Each structure stands twice: as structure tokens, then as C-alpha cells.
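Visitor: Input: one structure, supplied below.
The values are calculated or read from the model by the stated rules, or taken from the named source; none is laboratory data. Given the structure is predicted, the values throughout are model-derived calculations rather than measurements. No Cβ is skipped: glycine too gets one built from the backbone with ideal geometry, and neighbour counts run over all protein chains shown. All accessible areas refer to the heavy atoms of the entire protein, side chains included, with ligands and DNA or RNA removed. Shrake-Rupley method; radii C 1.70, N 1.55, O 1.52, S 1.80 Å.
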Amino acid sequence: MGAVEELVARAGGCAVIDGGFATQLEALGADINDPLWSAACLIARSHLVKEVHMQYLEAGADVIISSSYQATIPGFLARGMSLDEAEDLLRTSVKLALEARDEFWKSTLRKSKPIYNRALVAASIGSYGAYLADGSEYSGSYGADITIEKLKDFHRRRLQVLAGAGPDLIAFEAIPNKMEAQALVELLDEENIQVPSWICFSSVDGKHLCSGESFADCLQILNASEKVAVVGVNCTPPQFIEGIIGEFRKQTKKAIAVYPNSGEVWDGRAKRWLPAECLGHKSFDALAKRWQEAGASLIGGCCRTTPSTIRAVSKVLKGRTGH
């Protein structure tokens with residue numbers, strides 16, 4: 001039994017993923033108006049990164065995701081850092097999550113009736129579009145000169161460094177097109193990565209990836225890889241999730257992870273959040289129960305969700321053993 005299956009079983013059939021990271025860093029006073037986004041805090045305010053991890057663990061998260069989504073070696077080099085410094089910051093993102101998990105677990109074991117599971121740490125890897133920070137992570141359109149080989153070269157060293165930093169999982173997040181999914185699957189094989197991975201797509205319409213390509217075509221690529229333990233969607237409007245789970249269940253036998261946005265919509269050009277069209281935090285936990293019933297094995301939140309969102313999700317998914 002792999003680490004993910006074991007965790008899902010311990011959690012009673014559905015494990016809880018943490019929630020929005022940047023949202024919570026801002027709530028703690030961090031300024032993340034920066035091309036590096038929440039990864040900027042790794043440079044100057046790492047104590048806040050650890051604090052956010054702690055808040056999600058206390059809320060009942062079974063999986064916490066490192067703050068490396070937008071942490072790339074080229075991004076750090078553009079800040080004037082050396083290659084060694086850039087790689088150290090990637091390792092730091094995993095180290096902070098591992099420290100938070102271990103400290104939290106130690107304090108949990110001291111309590112007479114532990115109500116938490118020992119969480120897994122997932123090292124986050126965002127898409128090439130997330131590094132570009134030009135809105136292409138929301139369109140999946142990388143331009144004619146981008147090839148599978150170029151994408152593999154872009155991701156290769158970051159994947160090596162993060163996988164070597166001791167995480168329980170690698171989380172490829174908000175992948176917007178089929179070419180990048182193919183590149184990641186090939187890279188996991190070429191580098192013989194032993195850490196189990198999940199690959200989550202992003203969707204704007206609930207029927208296709210951001211690029212307009214079909215889930216079925218992309219899942220075919222992931223199904224062929226033994227390195228990919230979990231497939232799913234994140235950074236997607238919550239009203240589409242139930243339908244997406246149904247579609248995924250027809251196309252794959254792998255565990256399914258869903259962690260959508262709060263329902264507010266990010267305007268990639270204006271770089272601001274637009275109000276939720278139909279759903280707010282109040283119903284997120286009720287929806288999470290439906291996602292569990294539809295067949296998701298891991299459920300959490302992405303942009304604009306908070307520890308209180310995840311606490312509500314944990315309660316509803318874990319019933320009486322919730323927090």
C-alpha cells in the first residue's frame with residue numbers, strides 16, 4: 001500500500017488537503033504583490049510560511065503543500081540570487097512544511113485522544129505558465145516555440161531538488177495543457193523519481209483543461225505512468241467539481257484529488273479577484289461532502305480558501321472524528 005492509499009484509509013476514505021496559501025500569508029501581514037507570489041516569503045518571511053502550515057494542520061489537513069508553486073530557479077536567479085541560493089530556497093519550502101508537520105504531530109501525540117492523522121507533505125510544482133506570470137497558466141497557451149523538451153528542461157532541476165528534499169509526495173498543480181502533462185510524465189521516468197506524484201489540471205469550464213483539450217486525452221497519458229499515484233483538478237471553480245469527478249471516474253482508476261478555488265474568479269490580466277458568481281465559503285463544506293460521495297479521495301481548497309474553510313471541510317468529511 002502506498003503512502004497516499006494508507007493516508008486515505010486512515011482518514012476514513014477521504015483525506016483533507018490544505019487551502020489557499022497566498023490568501024493566508026496576506027492575512028498574516030505578508031505582501032505578496034510579487035512575480036514570485038507566495039514564494040517571495042521564502043526569502044524574507046519564512047516564519048510566516050511555517051505559521052500557515054501550522055494553521056492548516058490545526059484545521060485538520062491531512063496533506064500540506066509546500067510554498068514552492070511559483071518558486072522556480074529562473075525566478076530566483078532573476079532576483080540576483082546564485083544557483084545555490086535558489087536551490088536552497090526550494091529545499092527550504094519543503095523543510096518548513098516538514099518541520100511544521102513534525103512539530104504538530106509531536107504535540108498531537110502528547111494529547112490523550114489524538115484526533116489528527118500524521119499529515120503528508122507534498123512539494124508543490126507549478127506550471128511553466130505560473131513562472132511566466134503572464135496569465136498563460138489560465139489559458140494553457142504557451143506559444144508555438146514551446147516543446148515537450150523545453151518544458152522538461154524547465155522543470156528538471158526543480159523536480160530533482162524538491163524530490164531530494166524529503167517530501168512524501170510531489171504535487172504538480174494547475175497544469176493547463178496536455179503537452180505539459182506529457183512532459184511531466186516523461187520527466188518522472190527519465191529522472192527515476194521515487195517520490196509518488198499527483199498531477200492536477202486546471203479548468204475554466206469544467207469540461208476541458210484551460211487549453212481546451214479534453215480530460216480524457218490527458219488522463220490517458222497519466223494512466224500509463226506508475227509514478228503518478230493521484231490525478232485531479234485544482235484552481236478551478238467549485239461548481240464544476242462534481243461533474244469533473246464523474247468524468248474522471250470514467251477515465252481512470254487512480255485516486256482523485258480535488259481542491260478548487262473558493263468561487264471567486266481571478267482576472268489574470270487585471271491581476272485581481274472578482275466576486276464569486278454563485279458560491280461562497282458557506283456552502284464549500286457541503287459541496288465537499290458531495291465531492292466525497294462522487295468519488296474523490298482527497299479534498300481541499302485552493303485560492304481564497306482559508307483554515308476556516310478547511311476546518312469545516314474536515315468536520316464534514318470526517319464526521320464525529322472531525323475537529
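Visitor: Listed highest first by mean packing, meaning other Cβ atoms within 10 Å per residue, what order do 121-133, 155-167 come in?
Guide: Going by the mean number of other Cβ atoms within 10 Å, highest first, we get 121-133, 155-167.
Visitor: When averaged across all projection directions, what area in nm² does the alpha-carbon convex hull of region 206-263 cover?
Guide: 3.7 nm²
Visitor: Using the Karplus curve 6.51 cos²θ - 1.76 cosθ + 1.60 with θ = phi - 60°, what ³J(HN,Hα) values do you get for each residue of region 258-264, in whole Hz, with x for Gly and Pro?
Guide: 9, 8, x, 6, 5, x, 5
Visitor: If you don't mind, another one. If you take every DSSP beta bridge fully contained in region 3-318, what fraction is antiparallel? Give it as a percent rounded to 5.
Guide: 15 percent
Visitor: Out of these labelled values of mean projected area of the Cα convex hull in nm², (1) 20.2; (2) 17.3; (3) 15.1, which was calculated from the coordinates shown here?
Guide: Computing mean projected area of the Cα convex hull in nm² and matching it to (1) 20.2; (2) 17.3; (3) 15.1 gives (3).
Visitor: With only Lys, Arg, Asp and Glu charged, each at its Cβ (+1 for the first two, -1 for the last two), find how big the charge dipole of region 1-74 is about the Cα centre; round to the nearest 20 debye.
Guide: 100 debye
Visitor: Then there is this: Dividing the convex hull volume of the alpha carbon atoms of region 174-310 by its residue count, what do you get in Å³ per residue?
Guide: Normalising the Cα hull of region 174-310 by residue number yields 112 Å³.
Visitor: Using modelled backbone amide H atoms (1.01 Å from N, in-plane), which distant-in-sequence or interchain residues come within less than 5 Å of A255's amide H?
Guide: V231
Visitor: Right, here's the next one. For T236, T92, give the ranking by accessible area with the largest first, probe 1.4 Å.
Guide: Accessible-area ranking of T236, T92, largest first: T92, T236.
Visitor: Mind giving me the FRET efficiency for R269 and T147? R0 is 22 Å, r the Cβ-Cβ distance, nearest 0.05 is fine.
Guide: 0.25
Visitor: Using the Cα centre of the chain as origin and beta-carbon charges of +1 (Lys, Arg) and -1 (Asp, Glu), tell me which of A78, W105, S225 is placed farthest towards the positive end of the dipole.
Guide: Of the listed residues, the answer is W105.
Visitor: In Å², what does the accessible area per residue of region 132-291 work out to with a 1.4 Å probe?
Guide: For region 132-291, the solvent-accessible area averages 43 Å² per residue.
Visitor: Still on this structure, please answer the following. What's the carbon and sulfur percent of the chain's accessible surface, probe 1.4 angstrom, rounded to a whole number?
Guide: Carbon-and-sulfur percentage of accessible area, whole number: 50.
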